[in-house]
Structure formats: C-alpha cells, structure tokens
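> First the structure, which I've put down as structure tokens, then a few questions once you've had a look.
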Amino acid sequence: MKMKWRMVMRSTGIKKGTILDIGSGSGYFASFMKKKGWDVKGIEINRMIREISSSRFSLDILPPESLNELPSSSFDCITLWHVLEHFHEPDQYASQIRRILKPKGVCIVALPNCNSFDAGHYHKNWAAWDVPRHISHFNPSTFSFFAEATHFTVTKTKSLLFDVFYISILSEKYKTSKPGFITGMIKGVWFTFLSLFIKGRNSSVIYFLKKKNCTNR
C-alpha cells in the first residue's frame, strides 16, 4: 500500500487530493489513501464486496454504472490495479476516465504483460491469461497504441516487481498440476534478472497516463 501511495504522490506531485480507485475490491488501498488524507471514491462491480468494503472502512464505493454520473474534471488521480483487462469495452471506460480526470490529473494502470519473459516461457499455461476473466491482453506497445487511440499519453512506465513470483508459482501449478512454489520462485528470480537488461519484458507493467495535450500544462 505504501508503494502505491508513493506512486500516486510522485506522479501527481501532490500530497492530498481526490482519487478514484476503479476495481476497489476489498477496499484496502482506498482505505489507506483515505487515512493519508485523500478524498476517496471507489468503483466495484461485486455488490457484496462493495457493501462490505463500504461498511468496514466507511468508504464511498459505487457500482460501475455510477461512473457516468461522476462530475467532469473531478479527480487528481484515477487508479486501475489489474482491472482494465477485465473490461468488455475498455475504450468506453477510457472515455469516462478522461472525462472525470482533471486536466493535470494522472491515471495509473497496472496490467499483466503478454510479452513478458514468463508469458513466453509458460505459453498456454501462463497464469495471467486467466481466461475467461481476462478479456483484453496488452504489452507495452499495444497499450501505448490503446492509450493514444483513447486520447491519453503514456508519460512513463514502471514494473510491478513481485507479480512475476505469484504468476510463476501459479503457472507452474497449471503446467504440472502440482504445487510449484520453489520452482516458481526460482524462475521468478530468473525472469526478473532478464528483464533488467531487456526493457518491456517484465511480468506486469504500471502505466502512468495523462490526457493528451495536457502533459506540458
């Protein structure tokens, strides 16, 4: 949570502001940001989880259809932590995100990388394919194209260092039908080492987006 909080502060340049967490799940990240003084809202599709996180943390968690009703230019930061790949119509979500993001706001999107070393190694057994829950699959090139097509600019990228271990362990289980903790950890270390030398091949990528034509304002 601290890592994500620091990313938000560094990318937005502010210590407190308005933030929307799309796919807020159990509400732990939203709650953490609230404790840090941010004005927080969440979007969560699962009604039961939405109600639990709302009552547990006293958060304003809304259903996905409420995204269209949020005021324009109202958020300093919008986050999607491994969420966009689940959307049937990601371009429509991107349009609404652009509308409600402030002119100098930042959208942070974390996604599995289908061009990663672990994806290439495990092929059909790569856990992050996660079919049918994952509908769209991106790599840095295709996501940059998607961002441009939806009027965003990718200002920088960052790797999610620990995702490769979870994905490798799960992929080993899919591959052998046996627990693959040790093998997955070893291969995770190897994939991490390789990605230090070849850019764009890490298991998961965090993309920092700004509205197109707003990057220098």
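> Only one of 151, 121 is more than 26 Å from residue 68 (Cβ to Cβ) and in contact (Cβ under 8 Å) with a residue 60 or more places away in the chain; which?
Answer to the check: 121.
Matching residues to (1) closer than 21 Å to residue 11 by Cα; (2) surrounded by fewer than 14 Cβ atoms within 10 Å (Cβ to Cβ):
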{"site": "128", "(1), (2)": "no, no"}
{"site": "137", "(1), (2)": "no, no"}
{"site": "156", "(1), (2)": "yes, yes"}
{"site": "167", "(1), (2)": "no, no"}
{"site": "170", "(1), (2)": "no, no"}
{"site": "182", "(1), (2)": "no, yes"}
{"site": "192", "(1), (2)": "no, no"}
{"site": "203", "(1), (2)": "no, no"}
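> Being touching a helix residue (DSSP H, G or I) at 6+ places or on another chain (Cβ under 6 Å) and among the aliphatic types (A, V, I, L, M): is that true of residue 8 here? Give the steps one after another, and end with the answer.
Values: touching a helix residue (DSSP H, G or I) at 6+ places or on another chain (Cβ under 6 Å): no; among the aliphatic types (A, V, I, L, M): yes.
The answer is no for residue 8.
> Now, a different point. So which residues in region 75-104 are within 21 Å of residue 131 (Cα to Cα) and either buried (at least 22 other Cβ atoms within 10 Å of the Cβ) or in contact with a strand residue (DSSP E or B) (Cβ under 7 Å, 6 or more places away or on another chain) (or both)? Write out each step before concluding.
The first filter runs over region 75-104 and keeps only residues within 21 Å of residue 131 (Cα to Cα), leaving 80-91, 93.
Matches in region 75-104: 80, 81, 82, 83, 84, 85.
> Check residue 142 against each of (1) surrounded by fewer than 17 Cβ atoms within 10 Å (Cβ to Cβ); (2) more than 16 Å from the chain's Cα centre (by Cα); (3) without any contact (Cβ under 8 Å) to a residue 40 or more places away in the chain and name the one condition it does not meet.
Residue 142 satisfies every listed condition except (2).
> Quick one: which helices (runs of 4 or more DSSP H) lie wholly within region 133-217 and hold at least 1 residues that are within 30 Å of residue 103 (Cβ to Cβ) and among the hydrophobic types (A, V, I, L, M, F, W, C)?
Helices (runs of 4 or more DSSP H) meeting the threshold: 140-149.
> Follow-up question, since we're still on this one. For residue 11, which of the numbered conditions (1) at pLDDT 95 or above; (2) in a helix (DSSP H, G or I); (3) more than 21 Å from residue 205 (Cβ to Cβ); (4) not β-branched (Val, Ile, Thr) fails to hold?
(3)
> If you don't mind, another one. Kindly indicate whether any position in region 156-169 is over 30 Å from residue 212 (Cβ atoms) and of a type outside the set (A, V, I, L, M, F, W, C). Let's see the steps before the verdict.
Of the residues in region 156-169, the ones over 30 Å from residue 212 (Cβ atoms) are 162, 164-169.
Checking the rest, the ones that are also of a type outside the set (A, V, I, L, M, F, W, C) come to 166, 168.
Yes, the conditions are met somewhere in region 156-169.
> Being closer than 30 Å to residue 12 by Cβ, surrounded by 19 or more Cβ atoms within 10 Å (Cβ to Cβ), over 15 Å from the mean Cα position of the chain (by Cα) and not hydroxyl-bearing (Ser, Thr, Tyr) is true for just one of 199, 211. Which residue is that?
Numbers: 199 fails: surrounded by 19 or more Cβ atoms within 10 Å (Cβ to Cβ).
Only one candidate passes the filter, namely 211.
> Moving on to the next point. Return yes when residue 51 is surrounded by fewer than 21 Cβ atoms within 10 Å (Cβ to Cβ), charged (D, E, K, R) and over 22 Å from residue 208 (Cβ atoms) and no when it is not.
Numbers: surrounded by fewer than 21 Cβ atoms within 10 Å (Cβ to Cβ): yes; charged (D, E, K, R): yes; over 22 Å from residue 208 (Cβ atoms): yes.
Yes, satisfied.
The values are calculated or read from the model by the stated rules, or taken from the named source; none is laboratory data. These numbers were taken from a predicted model, which means no experiment stands behind them. All Cβ positions, glycine included, derive from the backbone under ideal geometry; neighbour counts span all protein chains shown.
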